[in-house]
Every structure is written in structure tokens, then in C-alpha cells.
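One structure is given below, encoded as C-alpha cells.
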Amino acid sequence: MGDDGYFDEGVAARYDESAAEMFDPAVVGPAVELLALLAGNGRALELGVGTGRIALPLAARGVPVHGVDLSKAMVARLREKPGGDEIGVTIGDFSTTTVEGTFSVAYVVFNTIMNLRTQELQVACFRNVAAHLEAGGCFVVEVMVPELRRLPAGETMCVFDASEEHWGFDEYDVANQSLVSHHFSVVDGRIERFSLPVRYVWPAELDLMAELAGMRLRERWSGWKREPFTSESRQHVSVWEKPAWTGDRGDDQQVEPVVRR
Ligand SMILES: C[S@@+](CC[C@H](N)C(=O)[O-])C[C@H]1O[C@@H](n2cnc3c(N)ncnc32)[C@H](O)[C@@H]1O
């Protein structure tokens with residue numbers, strides 16, 4: 001694998017087309033709405049900004065957005081789009097990369113937190129985000145709920161798409177809390193394969209990572225329109241908050257945080 005990771009030139013060239021349903025305004029609109037609300041008058045930091053699916057419309061709403069991404073190929077696609085030049089981007093790993101200034105909201109969407117393949121890296125990501133947030137700022141994660149309830153004993157494969165031109169299944173390795181997401185797509189009459197290894201992660205485990213980073217859960221929804229999160233939810237949009245201390249009294253004398261609602 002090269003410097004661009006799994007999202008190399010070949011993947012970047014087809015990314016928008018292969019994820020077309022995620023570019024639907026009905027999908028993007030509510031995400032941008034909630035992120036703009038959380039950003040308020042501040043700046044937004046997107047981890048894994050990719051080709052700008054969310055960053056571009058969020059910036060068009062007047063929110064200054066900065067992105068981090070490993071893949072120069074993905075970012076080149078962002079740059080080609082109208083408004084793409086106005087998004088600041090830092091090339092690097094979002095679990096460790098630092099960016100100048102602070103942000104009122106940081107976010108990582110479309111299961112991208114799972115691209116960090118160890119618990120240590122995911123914890124590092126929360127800590128890195130907390131270091132970039134203003135007091136009272138929020139970290140938003142959109143990620144699937146692991147589908148172990150759909151996996152019969154002894155099985156490892158979980159089909160998530162079987163359409164005319166795309167077949168997708170996740171191959172679970174339960175002992176190591178990981179999976180490989182396999183995609184087979186028809187491209188110009190040929191079948192192309194894309195297999196992405198990731199670490200699946202539970203909502204409660206993410207809450208603990210937030211706690212380790214000094215943040216606390218503020219809201220958890222099953223979607224961007226603030227649909228309730230239930231036992232049947234297949235994904236969640238979670239918002240953790242970096243507490244806004246009522247006064248700077250030093251670590252041993254901190255008072256109760258003010259929780260914004
Ligand atoms: C599924 S795409 C999502 C892109 C965009 N956020 C969207 O919603 O369309 C994941 C992106 O995260 C980037 N990425 C994956 N792991 C990363 C890491 N550890 N550090 C920085 N970027 C990473 C990939 O290069 C890719 O652009």
C-alpha cells in the first residue's frame with residue numbers, strides 16, 4: 001500500500017460515483033444542518049475529509065472548514081470542485097496530526113473512525129480532537145453499530161448490499177474486533193474488488209474513549225435528523241462535548257461543567 005492508504009488514485013477516481021447515494025442532498029443536507037448548528041460562529045474540523053462530500057456544502061453555509069486526510073488522491077478530487085480551493089487541508093493521519101487554531105466542532109463521518117484499526121489509535125484520535133476543540137466544543141461521529149446480532153454462530157460473513165451492480169459483505173473477525181468490508185462492483189462491464197480492513201467499535205466503547213479524552217456524551221441519535229437511537233438502530237450519530245468550565249481555577253479546583261443544550 002502506498003502513502004495514500006486504501007483511498008489511492010484508483011479508489012479516489014471512482015469515489016463519488018461509487019458512493020453516489022451518500023452524495024444525495026437528502027443524505028448530505030441533514031448532516032450539514034446539524035454540523036452548522038454545532039459550529040455556530042466557530043470553525044469546523046473534518047477528519048478524513050476525502051473529496052469534500054460534507055466539507056464543501058458546510059463551507060458553502062459559511063462555516064470555515066479545515067480537513068485532515070491521508071490521501072493526496074482524495075484531496076486532489078476535492079480541490080477540483082467549486083469551492084475546493086477554500087478548504088484548508090492538512091495531509092496526515094487524523095489520530096495524530098495537529099492543525100493550527102481551535103474549533104467549535106470536529107467530526108468524522110461515514111464510518112471513517114473505523115479506519116483506525118486499533119483501540120490505541122481510536123483513543124489517540126479522541127485525545128487529538130479534544131486538544132483541538134474550544135471549551136464547550138463538540139466531537140461528532142457517524143458510525144455503524146457492529147452487526148454481530150445478524151451473524152449466526154460459526155459464521156463470519158454479513159451481507160450489507162446485493163444490488164444489480166454492487167455486492168458488499170463484511171467479514172468479521174470477532175476475536176480481534178475487526179472486519180474486512182468487501183465490495184464487488186461492476187465497472188465498465190468488469191467486476192472490481194475493493195476490500196477495506198477496519199476496526200468496529202461499540203457506542204459504549206466510544207463513550208469511554210471520550211471520557212479518557214476529557215469529553216462527555218451530549219447526544220446520541222440514529223441519524224442526522226435526530227431520530228431516536230434504539231436497540232434496532234444500525235448506525236449512530238454521537239455528539240461528545242468538551243466541558244466549558246465556568247472558571248479557570250486549575251485542575252484541582254475545577255467546578256461543574258456548563259452543559260449547552
Ligand atoms: C470513507 S472516506 C470518507 C470521505 C468523506 N468524509 C465522506 O464522507 O465522503 C474515508 C476518508 O478518510 C481518509 N482516512 C482514512 N484513514 C485515515 C487516517 N488514519 N488519517 C487520515 N485520513 C484517513 C481516507 O483517505 C478517505 O479520504
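Please treat every number below as a calculation from the coordinates, not as lab data. Quick caveat: nothing in here was measured; it's all calculated off a predicted structure. Neighbour counts are summed over all protein chains in view; Cβ atoms, including those assigned to glycine, are modelled from backbone coordinates with ideal geometry.
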Nitroxide proxy distance, nm - points 7 Å out along Cα→Cβ at MET157 and ARG14: 2.0 nm
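How long are the three semi-axes of the equivalent ellipsoid of segment 84-191, in whole Å, if each is the root of 5 times an eigenvalue of the C-alpha gyration tensor, listed from largest down?
Semi-axes (√(5λ), whole Å): 32, 20, 12.
Do me a favour and compute the ellipsoid semi-axes for the chain from its Cα gyration tensor, root of five times each eigenvalue, largest one first, whole Å.
Values: eigenvalues 183, 104, 57 Å².
For the chain, the ellipsoid semi-axes come out as 30, 23, 17 Å.
Would you please classify the overall shape of segment 1-104 from the alpha carbon gyration tensor, given that a ≥ b ≥ c denote the square roots of the eigenvalues, rounded means a/c under 1.5, and beyond that prolate means a/b larger than b/c while oblate covers the rest? Before the final figure, lay out each step's value.
Working: a/c = 1.97, a/b = 1.21, b/c = 1.63.
Oblate, since a/c reaches 1.5 and b/c is not below a/b.
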Size of segment 114-160 as Cα extents on the principal axes (Å, biggest first): 46, 19, 14
Top of GLU155, GLU227, GLU134 by mean-square fluctuation, Gaussian network on the chain, Cα under 10 Å: GLU155
Set of lysines with alpha-carbon distance to LYS225 below 29 Å, sequence-local pairs under 8 removed: LYS81, LYS242
Built amide H within the under 5 Å cut-off of HIS66, gap 5+: ALA44, LEU45, GLU46
Cα-based helix-to-principal-axis angle, 203-212 vs the chain, degrees rounded to 10: 40 degrees
Neighbourhood charge, 13 Å Cβ-Cβ cut-off, centred on VAL145 and excluding it, Lys, Arg +1 and Asp, Glu -1: -1
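Quick one: compute the contact order of the chain, relative version, from alpha carbon pairs under 8 angstrom and 6+ residues apart, as a percent. If you can, show how the numbers build up before the last one.
On the way: 476 pairs, mean separation 39.5, N = 261.
Result for the chain is 15 percent.
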For segment 117-126, 3J(HN,Hα) per residue [Karplus equation, 6.51 cos²θ - 1.76 cosθ + 1.60, θ = phi - 60°, Hz, x = Gly/Pro]: 9, 10, 4, 4, 5, 5, 5, 4, 4, 4
On Cα atoms only, tilt of 25-39 relative to the major axis of the chain in degrees: 20 degrees
Given charges at beta-carbon only (K, R positive; D, E negative), |dipole| of segment 1-109 in Debye: 300 debye
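I need the calculated FRET efficiency for the pair SER178 and ALA26, taking r as the beta carbon distance and R₀ as 30 Å, to the nearest 0.05.
Numbers: r = 32 Å, r/R0 = 1.06.
The formula returns an efficiency of 0.40 here.
To the nearest 500 deg cm²/dmol, what mean residue ellipticity at 222 nm is calculated for the chain from DSSP H runs of n ≥ 4 alone, each contributing -39,500 (n - 2.57), summed and divided by the residues? List each step's numbers first, then the result.
Details: 6 runs with 64 residues, N = 261.
Helix contribution divided over all residues of the chain: -7500 deg cm²/dmol.
What does the charge add up to near ALA213, with Lys and Arg as +1, Asp and Glu as -1, over the other residues with Cβ less than 15 Å from its Cβ?
On the way: positive: ARG127, ARG216, ARG218, LYS242; negative: GLU120, GLU134, GLU205, ASP207, GLU211, GLU241.
With Lys, Arg at +1 and Asp, Glu at -1, the neighbours total -2.
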Sites matching trypsin sites (Lys or Arg not before Pro) across segment 31-133 that sit in DSSP coil, with at most 16 neighbouring C-beta atoms within 10 Å: ARG61, ARG117
